[in-house]
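What follows is a single structure, written as C-alpha cells, with notes after it.
The values are calculated or read from the model by the stated rules, or taken from the named source; none is laboratory data. Just so it is clear, the structure is predicted and the values come from calculations on it, not from any experiment. Cβ placement follows ideal geometry from the backbone for every residue including glycine, while neighbour counts extend to all protein chains displayed. SASA here: full protein model, heavy atoms, side chains in, ligands and nucleic acids out. Shrake-Rupley method; radii C 1.70, N 1.55, O 1.52, S 1.80 Å.
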Amino acid sequence: MKKRYLLVCVTGILFLTACQSKASSPPSKEKSQETSTKVEKASKSTSEEKNTLWNKKRKKELDEAVNKWGESVNQKLTSYTPDDNLDWYGVEVPKEILNETGTIKAAIEADELSIGWSKDGMTPKGKERSLVAVYSNAFNQPYDKKYLYFFTILADGTPEVLMSTQSQGNEITSYIYFSPVEDQQLLQEFADILDYQGNIEPKKKLEEPMDLKTFAMNHNDGNFPLDGYLLQGEEGVTYYINDNVPSEKDVIIAVLRYVQDLSYELSEEVGTGIPVKVKEPNRDEYSTTVVDGNYTQANHVFGRIIQGIE
C-alpha cells in the first residue's frame, strides 16, 4: 500500500514539473524573430511617415483648419481624392484633371497646371507641383456659390491654395480655370501645417486701381471680333454687338475668346470678381458672362459651343 502511494506521489510530482517546465519555456527563436520584425516594420513605417512632407497627421490637421475656416466664410467643405471624386458639373474632380489622356485640364489663366496627386507631398516625376488635398462646398450650394479648392505644393516646397468657381470645362480651352486664393489666412494655415519657413507673400494689388469706366474707354479701340462697343455698367463691363451673332461656330468661338481675354485683363487692371457680358440686340438675356476668365452663364447657342456639343 505504501509503495503504491509513493508511486502515485512521484508520478504526480513528475507531471507537475513537466507542466511547469512547458509553461515557463521561452518562445521559439522563429516566433521571437517574427515579433521583432513586425515591431521594426511598424516603427520604420511610423518614422518614415513622420518625416514626409505630407502624411495622414497633416491631412487631419488640414481637415480641421479648412472646416474651421469654412465656417467663418459660411462654406461647408468636403474633402475629395482620386478615389472619392467630386462631380463638378459633370467632371470627376480630381480624377479627370489628373488623367494624362483626359480632355479636361486645370489652368491658371492661360497656363496649364503641371500637377500630379501625391500622398507624401513629393512632386511626381515630370510635374511642377503636387496636389495633396481637394475640398469643395458644391454638394450643398446653389449654382453660383460653388467653390473648388486645390491644396498644392510646388517642387521647391512652397505651399499654394488655388480656387475655381468655373461651372464647366469647354471646347475652346478644355480647362477648368483656377486662381490663387485671396484669403491669406487659409494659405497661412496650410503653410503652418507644412512647417514652411519661407515668406507667404500676400496677393499684390495695384496701388491705384483703374476704374471700370476708364477700362472700358481704353478698350473701345475697335479691335472687336464683331462690330460693337464696350460700356461700363453698375456691375461690370458689357460688350454690345451691333448685329446678332451669326450662328457660326468659328464666329462664336472668336467672341468667346475675346471676352475671356478681356476678363483676364479686367481682373489684373481693375480687380477680381467683375463680370464681362455679351449683349446682342433684341435679346433679353446676355449671350454669355465671364468672371475672372471663367464662363459663368451662357444662352443656348453660346452654351452649346462652350460645352463642346456643337
**Complete:** Listed by first then second residue, the pairs whose first member lies in region 66-94 and is more than 24 Å from D183 (Cβ to Cβ), whose partner is in a strand (DSSP E or B) and open to solvent by 20 Å² or more (accessible area, probe 1.4 Å), with beta carbons under 8 Å and at least 6 positions apart or on separate chains, are P82/W117; N85/E92
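Among the residues of region 231-243, write down those that are part of a strand (DSSP E or B) and surrounded by fewer than 19 Cβ atoms within 10 Å (Cβ to Cβ).
Just the residues of region 231-243 that are part of a strand (DSSP E or B), to begin with: 231-232, 237-241.
L231, Q232, Y240 - these are the residues of region 231-243 that are part of a strand (DSSP E or B) and surrounded by fewer than 19 Cβ atoms within 10 Å (Cβ to Cβ).
Tell me which residues, restricted to region 114-123, are in a loop (DSSP other than H, G, I, E, B) and either farther than 23 Å from E61 by Cβ or under 15 Å from the mean Cα position of the chain (by Cα) (or both). Let's see the steps before the verdict.
Residues of region 114-123 that are in a loop (DSSP other than H, G, I, E, B), as a first pass: 114, 118-123.
Scanning region 114-123 gives S114, S118, K119, G121.
Residues are listed down the side, and each one gets a yes or a no for (1) closer than 26 Å to I108 by Cα; (2) part of a loop (DSSP other than H, G, I, E, B):
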site: Y229; (1), (2): no, no
site: V245; (1), (2): no, yes
site: D250; (1), (2): yes, no
site: A254; (1), (2): yes, no
site: R257; (1), (2): yes, no
site: Q260; (1), (2): yes, no
site: Y264; (1), (2): yes, no
site: E285; (1), (2): no, yes
**Request:** Mind counting the residues in region 64-78 that are under 13 Å from the mean Cα position of the chain (by Cα) and open to solvent by 40 Å² or more (accessible area, probe 1.4 Å)?
**Result:** 1
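What do you reckon, is T288 open to solvent by 20 Å² or more (accessible area, probe 1.4 Å) and under 28 Å from G90 (Cα atoms)? Give the derivation first.
Numbers: open to solvent by 20 Å² or more (accessible area, probe 1.4 Å): no; under 28 Å from G90 (Cα atoms): yes.
For T288, the condition - open to solvent by 20 Å² or more (accessible area, probe 1.4 Å) and under 28 Å from G90 (Cα atoms) - is not met.
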**Request:** Only helices (runs of 4 or more DSSP H) wholly contained in region 1-107 count here; list those with 2 or more residues that are at pLDDT 85 or above.
**Result:** 56-72, 95-98
**Request:** Hey, can you tell me all the residues within region 266-283 that are touching a Phe, Trp or Tyr at 6+ places or on another chain (Cβ under 8 Å) and in a helix (DSSP H, G or I)?
**Result:** L266, E269
**Asked** Out of all the residues in region 188-205, is one or more of a type in the set (S, T, N, Q) and more than 30 Å from W54 (Cα to Cα)?
**Response** no
